[in-house]
């Protein structure tokens, strides 16, 4: 992970010291028994406990990185940032009437067996 503090809407700031202090390898059962009540913060949702995320998994972790990866894999969808958000500029594409008409025409052409790029001058 490039920034192990914040990944995909998950804030590991509070749990990282715990994960870094564990003696690895550790089983999921041991992790949940020792730290299941610890919560992982999320950018756009309520925190979720380690037990909620990993309590039903039977696995062994060999590093704090492997625990973080499993936490990310088990994180509910609502943990990610805003839907359709991009920090790359521009706006979310909006379907226009012309785009809908072009799609309908293309679909009609295909249903009739006509090539959509047929150029007859």
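The values are calculated or read from the model by the stated rules, or taken from the named source; none is laboratory data. Bear in mind the structure is a predicted one, so any value in this text is a computation, not a measurement. Quick reminder, even Gly has a Cβ in these numbers, built from the backbone with ideal geometry, and neighbours come from all protein chains shown.
Observations on the model:
- Within region 6-22, if we keep just the residues that are exposed (fewer than 13 other Cβ atoms within 10 Å of the Cβ) and more than 15 Å from the chain's Cα centre (by Cα), the residue that is nearest to residue 75 (Cα to Cα) turns out to be 13.
- Subset of region 39-65 (residues that are touching a residue at least 24 places away in the same chain (Cβ under 8 Å), closer than 15 Å to residue 77 by Cα and surrounded by fewer than 18 Cβ atoms within 10 Å (Cβ to Cβ)): 41, 43, 44, 45
- Scope region 6-21; condition under 17 Å from residue 66 (Cβ atoms), part of a loop (DSSP other than H, G, I, E, B) and touching a strand residue (DSSP E or B) at 6+ places or on another chain (Cβ under 8 Å); matching residues: 12, 15
- Considering 55, 36, 9, the condition of being at positive phi and in contact with a helix residue (DSSP H, G or I) (Cβ under 6 Å, 6 or more places away or on another chain) is satisfied by 9 alone.
- Top-ranked residue of region 23-38 - restricted to ones that are free of Cβ contacts under 8 Å to residues at least 24 places away in the same chain and not in a helix (DSSP H, G or I), ranked as surrounded by the fewest Cβ atoms within 10 Å (Cβ to Cβ): 23
Yes/no per residue for (1) in a helix (DSSP H, G or I); (2) modelled with pLDDT of 90 or more; (3) at negative phi:
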position: 40; (1), (2), (3): no, yes, yes
position: 45; (1), (2), (3): no, no, yes
position: 88; (1), (2), (3): no, no, yes
position: 91; (1), (2), (3): no, no, yes
position: 100; (1), (2), (3): yes, no, yes
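- Flag: residue 29 matches the condition of being out of contact with any strand residue (DSSP E or B) (no Cβ under 6 Å at 6 or more places or on another chain) and farther than 20 Å from residue 9 by Cα.
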